[in-house]
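The structure under discussion appears below in the form of structure tokens.
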Amino acid sequence: LAGEVLFSDADLPVGFTSTMLALNIVGAGSIAFTLLAVFARQRNAALMALRIEQEKSEILLLNILPRPIAERLKAATQTIADHFDATSILFADVVDFTPLSQRLPPVEVVGILDQLFSHFDALVERHGLEKVKTIGDCYMAAAGVPNPHPDHARKAALLALDMRDVVATSAVVGRLGLELRIGINSGPVVAGVIGTKRFLYDLWGDAVNTASRMESHGTPGEIQITRETYELLKDEFVCKPRGTILVKGKGRMETWYLVGPRSDDRRTERGIEPEAPAAHHQDGE
């Protein structure tokens, strides 16, 4: 009859009951193990994806901020602001690039600046400075921040000389007849991070403004420095007096042109082979 039990539990063989129970346990265990394995794989995949995204975020943050500042920003709950007594600030501008950019295709304009500033980025890293920002065709870097350096002026000087060499030897820049105008000043600054969605590590102070004026009131192809920087460099570098010039917002200032390092070992440090000593001839030769 429908619904009538064909076998009672008492009629089932003991071995059959034990076997079915074992199979049920094994089956349930297999299903549970499979589900746990799938969950573990999904969890590991999610953790891996999270780590990849965290690494990408870390790289992006380090491209924007110096590493010590980025580490502080991740842990800080208050504004990051520091005072540095001894720094050197450099501004470099591509002379007459703005009118040139109006005559060239946009892709060529961006390509020229990208190539040039990429060279500058590598030089900044090599000499141990910190790139602060670019404003149009102007490049700003600083030595002595966020890590203080007693030889900050020397670092800025070597960077400036190498930057000028890059422009002078660049085929693209040479074809367009472009020159670099560089200004350096040394002094105290305030440095900190501003912004919440787009972070910027920036510098403020009269030393920064004066460095900018050294660039804007400079001469194409030259590196103009203030007395503050000159006093720090004069023993190691050849500096040519420019004289007294009228500087906007500063009045009359005495400035110098940075020519190059005095000793051969510093020329070698910049990748320049020392000049061979001149031959001395005796009388009668």
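The values are calculated or read from the model by the stated rules, or taken from the named source; none is laboratory data. Because the structure is a prediction, the values reported are computed rather than measured. So basically every Cβ, Gly included, is an ideal-geometry build from the backbone, and we count neighbours across all protein chains shown.
Among residues belonging to the stretch 179-189 that are among the aliphatic types (A, V, I, L, M) and touching a Leu at 6+ places or on another chain (Cβ under 7 Å), point out the one that is nearest to Trp256 (Cα to Cα).
Keep residues of the stretch 179-189 that are among the aliphatic types (A, V, I, L, M), which gives 180, 182, 184, 189.
If we keep only those that are touching a Leu at 6+ places or on another chain (Cβ under 7 Å) too, we end up with 182, 184, 189.
Values: Ile182: 12, Ile184: 10, Val189: 22 Å.
Restricting to residues being among the aliphatic types (A, V, I, L, M) and touching a Leu at 6+ places or on another chain (Cβ under 7 Å), the top hit is Ile184.
Kindly provide the set of residues from the stretch 79-103 that are of a type outside the set (S, T, N, Q) and farther than 17 Å from Glu179 by Cα, ordered by number. So that I can check it myself, show each step before the final result.
Quick first cut of the stretch 79-103, residues of a type outside the set (S, T, N, Q) only: 80-86, 89-97, 99-100, 103.
Within the stretch 79-103, Ile80, Ala81, Asp82, His83, Phe84, Asp85, Ala86, Ile89, Arg103 meet the criteria.
Of the residues Ala142, Ala156, Ala168, which is in the same structural domain as Ala211 (by TED's automatic domain parsing), surrounded by fewer than 23 Cβ atoms within 10 Å (Cβ to Cβ), under 24 Å from Glu236 (Cβ atoms) and small (Gly, Ala, Ser)?
Going through Ala142, Ala156, Ala168 in turn, the sole match is Ala168.
How about the stretch 214-232: which of its residues are in contact (Cβ under 8 Å) with a residue 24 or more places away in the chain and farther than 21 Å from Val167 by Cβ? Break it down stepwise before answering.
Initially, the stretch 214-232 is screened for residues in contact (Cβ under 8 Å) with a residue 24 or more places away in the chain, giving 214-230, 232.
Hits for the stretch 214-232 are Thr226, Arg227, Glu228, Tyr230, Leu232.
Can you find even one residue in the stretch 232-242 that is surrounded by fewer than 17 Cβ atoms within 10 Å (Cβ to Cβ) and under 22 Å from the mean Cα position of the chain (by Cα)?
No - not one qualifying residue is present in the stretch 232-242.
Please determine, by comparing only the residues of the stretch 77-105 that are loosely packed, with under 11 Cβ neighbours inside 10 Å and among the hydroxyl-bearing types (Ser, Thr, Tyr), which one is modelled with the highest pLDDT.
To start, the set of residues in the stretch 77-105 that are loosely packed, with under 11 Cβ neighbours inside 10 Å comprises 77-79, 83, 85, 99, 102-103, 105.
Right, trim to among the hydroxyl-bearing types (Ser, Thr, Tyr) and you get 77, 79.
Numbers: Thr77: 62, Thr79: 80.
Among those that are loosely packed, with under 11 Cβ neighbours inside 10 Å and among the hydroxyl-bearing types (Ser, Thr, Tyr), it is Thr79.
Take the stretch 180-208 and flag every residue that is at pLDDT 90 or above, surrounded by fewer than 16 Cβ atoms within 10 Å (Cβ to Cβ) and not in a strand (DSSP E or B).
Selection gives Asp206 alone.
Report yes if some residue within the stretch 76-86 is over 24 Å from Thr219 (Cβ atoms), of a type in the set (A, V, I, L, M) and touching a helix residue (DSSP H, G or I) at 6+ places or on another chain (Cβ under 9 Å); otherwise report no.
First pass over the stretch 76-86, keeping only residues over 24 Å from Thr219 (Cβ atoms): 76-86.
Narrowing further to those that are of a type in the set (A, V, I, L, M): 76, 80-81, 86.
From what's left, touching a helix residue (DSSP H, G or I) at 6+ places or on another chain (Cβ under 9 Å): 80, 86.
Yes.
Starting from the stretch 131-152, take each residue that is among the basic types (Lys, Arg) and list its partners that are not in a strand (DSSP E or B), counting only C-beta distances under 7 angstrom and pairs at least six apart or across chains.
Hits for this filter: Lys131/Asp121; Lys131/Val124.
Could you please give the count of residues in the stretch 74-85 that are outside any loop (DSSP other than H, G, I, E, B) and touching a residue at least 60 places away in the same chain (Cβ under 8 Å)? Let's see the steps before the verdict.
Applying the first criterion (outside any loop (DSSP other than H, G, I, E, B)) to the stretch 74-85 yields 74-75, 81-85.
Now drop any that are not touching a residue at least 60 places away in the same chain (Cβ under 8 Å), which leaves 81-85.
Result for the stretch 74-85: 5.
Yes or no: Arg252 at pLDDT 95 or above and surrounded by 12 or more Cβ atoms within 10 Å (Cβ to Cβ)? Even if it seems obvious, please write down each step before you answer.
Values: at pLDDT 95 or above: yes; surrounded by 12 or more Cβ atoms within 10 Å (Cβ to Cβ): no.
The answer is no for Arg252.
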